[in-house]
Amino acid sequence: MAETPKLDIIGIVAGPIETNLFLVIEKASDKTLIIDGPPDSFEATVNAIEERGLEPELLVVTHGHWDHIGDADALRRKYGVPLLVHDLDRHKLEDPSYGDIQGFSPDRLIAEGDEVRLGDVTFQVLHTPGHSPGQVSLYSAAERILLGGDTLFPGGYGTIEIPDASAEQTVATMRRLLELPDETVVYPGHGLTTTVGAERHWMQRVAETGRLL
């Protein structure tokens, strides 16, 4: 579990390629934001929520790839919360075309410049495409965190060797993330947390050359 002045953040790793689900909890109220819903995450997520007596408020899907949405609809229905995704990735939820994942529709669409509120904490929606056209990240300047899905990892970024991915958009996204403060803690869709400062050296090289690693 990680902490910020107003938040607790619990990470749950699930699914065949170890995808991160995050429970973002406002300490003062136990109101909770669920980030993504990987396959095989349902039981562990419900256990964590019920053990703490948390109050889920909404579920944000950072992007529509199968490893981030397998249990998202089940968690949405379990807690009766709205599920949010960017319009450019909505079709990936509605027609997953992977294994036995059933399609579902979001309750709301989010886009660049929108705000997502969790009690007294406000997250800015950043459209951070590259790995997927509709990928979004949630950024809180006050809490100094970025919930980025597969936007940024320790030492790299979400693969572009898949349909709909874009090297050009990934470069543009890296340039944008360089604008964030070094102390911004990044909670990625896979692997360990990092900071913008820790990744700045290679991100700067990508930004200057226009070429990915």
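The values are calculated or read from the model by the stated rules, or taken from the named source; none is laboratory data. Small disclaimer: the values here were computed from a predicted structure and weren't measured. Note that each Cβ is placed from the backbone with ideal geometry, even for glycine, and that neighbours are counted across all protein chains shown.
Values as computed for the structure displayed
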{"item": "Residues (outside any loop (DSSP other than H, G, I, E, B) and farther than 25 Å from I69 by Cβ) located in the range 175-197", "result": "R175, T195, V196, G197"}
{"item": "Unique residue being within 18 Å of the chain's Cα centre (by Cα), among the polar types (S, T, N, Q), under 12 Å from A72 (Cα atoms) and at pLDDT 95 or above when the list is T19, T45", "result": "T45"}
{"item": "Which listed residue is over 24 Å from G15 (Cα atoms) and of a type in the set (V, I, T), from V136, V85, V121", "result": "V121"}
{"item": "Only listed residue being outside any loop (DSSP other than H, G, I, E, B), surrounded by fewer than 20 Cβ atoms within 10 Å (Cβ to Cβ) and without any contact (Cβ under 8 Å) to a residue 60 or more places away in the chain, chosen from R211, R200", "result": "R200"}
{"item": "Every residue from the range 106-149 that is touching a Leu at 6+ places or on another chain (Cβ under 6 Å), farther than 24 Å from E3 by Cα and among the small types (G, A, S)", "result": "G134"}
{"item": "The range 169-183 residues that are at negative phi and buried (at least 16 other Cβ atoms within 10 Å of the Cβ), paired with ones that are outside any helix (DSSP H, G or I) and β-branched (V, I, T) (beta carbon under 6 Å, 6 or more apart)", "result": "T170/I160; T173/T128"}
{"item": "Residues of the range 34-90 satisfying the condition of being among the polar types (S, T, N, Q) and farther than 26 Å from I162 by Cα", "result": "T45, N47"}
{"item": "Residue identified as within 18 Å of H86 (Cβ to Cβ) and in contact (Cβ under 8 Å) with a residue 60 or more places away in the chain among G64, G37", "result": "G64"}
{"item": "Scope the range 7-48; condition surrounded by 17 or more Cβ atoms within 10 Å (Cβ to Cβ) and of a type in the set (D, E); matching residues", "result": "D8, E26, D36"}
{"item": "E143 vs. criteria under 19 Å from the mean Cα position of the chain (by Cα) and within 23 Å of P56 (Cβ to Cβ)", "result": "yes"}
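One line per residue, one yes/no per condition, for (1) touching a strand residue (DSSP E or B) at 6+ places or on another chain (Cβ under 8 Å); (2) within 22 Å of G191 (Cα to Cα); (3) surrounded by fewer than 18 Cβ atoms within 10 Å (Cβ to Cβ):
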| site | (1), (2), (3) |
| --- | --- |
| G64 | yes, yes, no |
| L88 | no, no, no |
| D95 | no, no, yes |
| D100 | no, no, yes |
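One line per residue, one yes/no per condition, for (1) among the hydrophobic types (A, V, I, L, M, F, W, C); (2) closer than 20 Å to N20 by Cα; (3) part of a loop (DSSP other than H, G, I, E, B); (4) over 18 Å from the mean Cα position of the chain (by Cα):
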site	(1), (2), (3), (4)
D73	no, yes, no, no
V81	yes, yes, yes, no
D89	no, yes, no, no
F104	yes, no, yes, yes
G113	no, no, yes, no
F123	yes, yes, no, no
